[in-house]
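Below is one structure, written out as structure tokens; comments come after it.
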Amino acid sequence: MQGIPANIKLLSFAKKGLIFSQTYTVKDLPRIRDIVSNVDDQVNVKLNFYIENNKIPCIEGSVELEVALDCQRCLKEVKLHLNPVFKLAFIIHENQAEDLDPSFETILNADEEFSAIEFITDEVLISIPMIPMHSHECQSYKDKSPVIEQKRKNPFAVLEQLKNSTKE
Ligand SMILES: [Zn+2]
């Protein structure tokens, strides 16, 4: 399989039914490299070009990477595994969307030629959660008080009280 060219020539690639695969590093991705701390990690990208309904150029693909971001709850690093997959149809008129399978996401009036790395970056950006957080219950940075281990209350204490009150 061949590597992804710097510039995507949409119609030409789609007509040829080209399939590309390439491994980048996170630092290759503009805008992403500025917000993550794992710039040397790998990014695996697959792009598949084809024509749908005899004339509509399409790109189906996937990106797979890990991003190390600041957890918005504890402000420590959180590593997220991202795997955006996409199935895009590039249409010229909105009514072209009517004949397409609903699984396609339609893009109106795209340029015939565009930067592959910018395109990939866009797909990664929209897959990053707005508020990245650890999946476990981390300690909120807002809670500045030192962590004091609370003595667990005997769960039966309340029940004991109830019993005592009914006796009276
Ligand atoms: Zn956290």
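Descriptive notes on the structure:
- In the stretch 9-26, the residues that are within 29 Å of Asp41 (Cβ to Cβ) form Cβ pairs under 8 Å with partners that are part of a helix (DSSP H, G or I) and among the β-branched types (Val, Ile, Thr), at six or more places apart or across chains, as follows: Tyr24/Ile117; Tyr24/Ile120.
- Residue in the stretch 107-128 that is in a strand (DSSP E or B), closer than 27 Å to Gln22 by Cα and without any contact (Cβ under 8 Å) to a residue 40 or more places away in the chain present: yes
- Glu112 touching a helix residue (DSSP H, G or I) at 6+ places or on another chain (Cβ under 6 Å), modelled with pLDDT under 95 and away from the ligand (no atom under 16 Å from the Cβ): yes
- Every residue from the stretch 60-93 that is among the basic types (Lys, Arg), within 16 Å of the ligand (Cβ to nearest atom) and either in a strand (DSSP E or B) or touching a Leu at 6+ places or on another chain (Cβ under 6 Å) (or both): Lys79
- Test result for Ile51, more than 20 Å from the chain's Cα centre (by Cα), surrounded by fewer than 18 Cβ atoms within 10 Å (Cβ to Cβ), away from the ligand (no atom under 16 Å from the Cβ) and in a strand (DSSP E or B): yes
- Test: Asn44 is under 16 Å from the mean Cα position of the chain (by Cα), surrounded by fewer than 16 Cβ atoms within 10 Å (Cβ to Cβ) and of a type in the set (S, T, N, Q): yes
The values are calculated or read from the model by the stated rules, or taken from the named source; none is laboratory data. On a predicted model such as this, the values are computed, not experimentally measured, just so you know. Reconstructed Cβ throughout: ideal geometry from the backbone, glycine too, with neighbour counts over all protein chains shown.
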